[in-house]
Amino acid sequence: MDISRHVQELQDQLVESTELAGEQAGVIARRLARSLDSSLRLVILQALSEAADEITAELAPGSVDVRLRGRDPEFVVTPPASHDTSEAAVAQEPASHADYAVDGQTTRTTLRLPENLKTKAEAAAAREGLSVNTWLVRAVATALTDQTTTTPLPPTNSGTRFTGWVR
């Protein structure tokens with residue numbers, strides 16, 4: 001995605017807004033506009049990243065990521081895994097991650113993690129090329145799906161040892 005035209009438009013608007021103040025103000029505005037190029041690109045990239053995070057929350061387990069290629073961002077869309085639509089497969093298919101979304105709404109949650117767990121989550125997200133938010137949404141959705149579809153084995157008593165699932 002070429003954002004150069006958007007950066008240029010913002011720079012032009014800055015220069016135009018100072019033309020009424022005189023020629024010297026116009027010269028200063030043109031110099032300022034050129035020096036703001038990197039800052040304008042960063043602000044646009046941050047806005048695109050936030051939008052991608054919101055879209056990803058709705059697509060879980062699919063995702064949309066923003067990557068910087070040179071000076072321009074590009075979107076990387078990872079669709080959710082396709083599902084078999086046959087009647088037998090649908091009857092056996094576990095709940096999808098999207099089943100946990102309510103009316104497409106998202107909420108903000110403050111999560112306090114021990115520093116070592118936060119570091120591990122950041123590393124795992126980076127390995128997959130995801131934001132930490134996207135990685136956490138997927139992890140929670142997967143855990144909830146696994147929780148609702150896992151059938152624990154009945155415990156067996158073999159003397160002093162017990163085997164089975166513990167939650």
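Taken together, 57, 88, 81 contain a single residue that is part of a helix (DSSP H, G or I), at pLDDT 60 or above and among the hydrophobic types (A, V, I, L, M, F, W, C), which is 57.
Taking the listed residues 8, 46, 24, 13, the one that is surrounded by 13 or more Cβ atoms within 10 Å (Cβ to Cβ) and in a helix (DSSP H, G or I) is 8, with no other qualifying.
If you go through segment 94-126 and keep only what is modelled with pLDDT under 85, of a type outside the set (A, V, I, L, M, F, W, C) and surrounded by 10 or more Cβ atoms within 10 Å (Cβ to Cβ), you end up with 94, 96, 97, 99, 100, 106.
Being in contact with a helix residue (DSSP H, G or I) (Cβ under 9 Å, 6 or more places away or on another chain) and of a type in the set (Val, Ile, Thr) is the filter; apply it to segment 44-62 and report the residue that is farthest from residue 132 (Cα to Cα). Across segment 44-62, the extreme among qualifying residues is 44.
The values are calculated or read from the model by the stated rules, or taken from the named source; none is laboratory data. The shown structure was predicted, so the numbers you read here are calculated from the model rather than taken from an experiment. Glycine gets a Cβ as well: all are built from the backbone with ideal geometry, and neighbour counts include every protein chain shown.
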